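Each remark here refers to the structure printed beneath this line.
The values are calculated or read from the model by the stated rules, or taken from the named source; none is laboratory data. Since the model is a prediction, treat every value here as computed from it, not as a measurement. Note that we place each Cβ from the backbone using ideal geometry, even for glycine, and neighbour counts take in every protein chain shown. The accessibility values were calculated without ligands, DNA or RNA, using every heavy atom of the protein model including side chains. Shrake-Rupley method; radii C 1.70, N 1.55, O 1.52, S 1.80 Å.
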Amino acid sequence: MENAMDALHDSGVQIVQYLQMNYKSSQDWFMFISFAADLRNTFYIFFPIWFHLCESVGIKLIWVAVIGDWLNLVFKWILFGQRPYWWVHDTDYYSNMSAPIIQQFPVTCETGPGSPSGHAMGSAGVYYVMVSSLLTILLSKKSPLTFKNRCLQTFLWTGFWLVQVCVCLSRVFLAAHFPHQVVCGVISGMVVAECFGKVQTIYKVSLKRYVYTTLFLFSFALGFYLILKTVGVDLLWTLEKAKKWCAQPEWIHIDTSPFAGLIRNLGIFFGLGLALNCQMYKESCQTKFSNQFTFRICCIATSLFVLHVFDSFKPPAKVEMVFYVLSFCKSAAVPLACVGIVPYCVSHITNKKEKIL
């Protein structure tokens with residue numbers, strides 16, 4: 001089994017080398033794709049847009065992104081996946097020959113296990129939700145599947161697969177993942193998105209249920225980590241490998257660690273529950289402007305601007321506990337601002353303008 005995995009990893013390293021040698025001019029493009037596929041963009045860009053255009057899609061995006069990334073963390077801890085940038089140096093597979101030389105980049109040195117790819121899984125889940133939701137909105141189930149409708153389906157799903165291919169190639173090119181890890185990520189992300197496409201209860205969840213779910217997700221992950229640590233299995237074994245084999249120490253960031261991602265996502269999830277059940281959201285929904293297209297566009301533009309400014313704040317990383325607490329609070333404020341504060345303020349400003357006129 002170990003020999004088979006070494007052979008699989010070796011073939012993956014060869015693919016990494018091939019991409020880096022033959023597509024070196026595309027380095028900036030691959031780095032941009034990796035940045036764009038980060039779940040952070042789902043929370044700061046896709047969610048505000050979709051929530052104000054179609055509330056149910058926005059809510060589904062958060063559930064798929066958060067639960068999918070939580071499952072990704074659990075899978076990574078179970079599968080103990082290697083990453084190319086450290087495996088080539090750490091393995092005995094090349095003991096009788098020189099190890100392949102692969103290039104590293106500022107976004108290469110992620111500190112968690114490699115399988116399945118979080119970027120690929122998150123991207124597949126999020127884009128699957130957006131494409132399937134867009135088709136549901138544009139195409140009525142009762143209407144016949146005309147040539148025009150077939151072309152629309154083909155266009156959107158082709159775009160979906162092009163995005164996934166670009167994300168997969170990007171993660172492999174950057175030596176952050178092996179090919180089999182990105183493929184597993186795409187499949188896993190689509191499965192999560194498809195499952196949530198059939199769950200209707202997520203749209204009417206109480207704040208208490210959001211709190212309980214947040215506590216369960218955190219407790220399960222922490223308990224899983226502590227139980228295995230007591231029997232001698234350190235699930236943070238990848239941190240030392242990342243520090244040892246990363247080409248530049250400054251490329252290692254605490255926000256790529258497993259618990260940092262968990263805390264960030266749970267903050268978003270808790271914030272969504274708080275926002276959907278707050279008085280500001282309820283009042284803004286009851287205004288006569290809430291269904292107007294111009295009101296929604298104003299909310300989108302304002303939300304994107306506020307979240308862009310808000311994202312510029314980076315929690316200090318010197319003390320881990322302080323970083324985690326501030327990261328959770330910052331994440332919780334994202335949906336609270338987008339769902340509650342911004343629509344409430346926009347509706348009040350609109351009301352005042354109407355009274356003046």
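Under the 0.36 nm per residue contour assumption, what length would be gained going from the current alpha-carbon distance of Asp255 and Ile297 to full extension? Don't jump to the answer; show the numbers that get you there.
Numbers: separation 42, 0.36 × 42 = 15.12 nm, distance 3.20 nm.
Difference between extended and current length: 11.9 nm.
Here each label is just a point 7 Å from Cα along the line to Cβ, and for Asn3 and Ser219 those points are 4.7 nm apart.
Note the direction-averaged projected area, equal to a quarter of the hull surface, for the Cα convex hull of region 36-89, in nm². Each step should come with its number before you reach the end.
Numbers: hull surface 18.2 nm².
Result: 4.6 nm².
If you roll a 1.4 Å probe over the heavy atoms of the protein chains, what accessible area per residue do you get for the chain, in Å²? The partial results should precede the final answer.
Values: 18270 Å² over 357 residues.
The answer is 51 Å² per residue.
With Cβ to Cβ distances under 15 Å as the rule, what net charge do the other residues near Arg40 carry (K, R +1; D, E -1)? Walk me through the numbers on the way to the answer.
Values: positive: Arg264, Lys314, Lys330; negative: Asp38, Asp69, Glu110, Asp255, Asp311.
Result for the local shell: -2.
How long is the gain from Leu228 to Leu79 if the chain were fully straight, where each residue apart is worth 0.36 nm and the alpha carbon distance is subtracted?
Numbers: separation 149, 0.36 × 149 = 53.64 nm, distance 1.36 nm.
Using 0.36 nm per residue and subtracting the Cα-Cα distance, I get 52.3 nm.
Within region 207-342, the ratio Rg/Rh, alpha carbon atoms throughout and Rh by Kirkwood, equals 1.09.
Pairwise Cα separations in the chain fall into 10 Å bins from 0 onward with the following percentages, short to long: 5, 22, 31, 24, 13, 4, 1, 0, 0.
Could you calculate the FRET efficiency of Thr136 with Val183 from 1/(1 + (r/R0)^6), where r is the beta carbon distance between them and R0 is 25 Å, rounded to 0.05? So the FRET efficiency works out to roughly 0.40. In this rough spin-label picture, where each label sits 7 Å from Cα along the Cβ direction, the Lys24-Val199 distance is 4.7 nm.
Given the rule -39500 (n - 2.57) for each run of at least 4 DSSP H residues, summed and divided by the residues of the chain, what is its mean residue ellipticity at 222 nm, to the nearest 500 deg cm²/dmol?
Details: 15 runs with 246 residues, N = 357.
About -23000 deg cm²/dmol.
Between Ile45 and Ser95, what's the calculated FRET efficiency when r is the beta-carbon distance and R0 is 41 Å? Round to 0.05. Computed FRET efficiency for Ile45 and Ser95 comes out at 0.30.
Rounded to the nearest 20, the Cβ-based charge dipole of the chain about its Cα centre (Lys and Arg +1, Asp and Glu -1) stands at 1600 debye.
In a DSSP loop and with at most 14 other Cβ atoms within 10 Å, the trypsin sites (Lys or Arg not before Pro) in region 150-198 are Lys198. Normalised by the number of residues in the chain, the mean separation of alpha-carbon contacts (under 8 Å, six or more apart) gives a relative contact order of 23 percent.
Starting from a Cα-only point model with no solvent, please compute log10 I(q)/I(0) by Debye for region 220-265 at q = 0.14, 0.18, 0.31 1/Å. Result of the Debye calculation: -0.42, -0.64, -1.09.
Counted as membrane-span-like here are DSSP H helices of the chain whose alpha-carbon atoms extend 18 Å or more along the helix's own axis and whose Kyte-Doolittle mean is 0.5 or above; these are 55-79, 118-138, 147-173, 179-196, 207-230, 258-276, 293-311, 320-335. A crude spin-label estimate for the pair Leu156 and Glu320, with each label 7 Å from Cα along the Cβ direction, gives 4.4 nm. For region 162-230, the alpha carbon positions stretch 43, 39, 15 Å along the principal axes, listed from largest to smallest.
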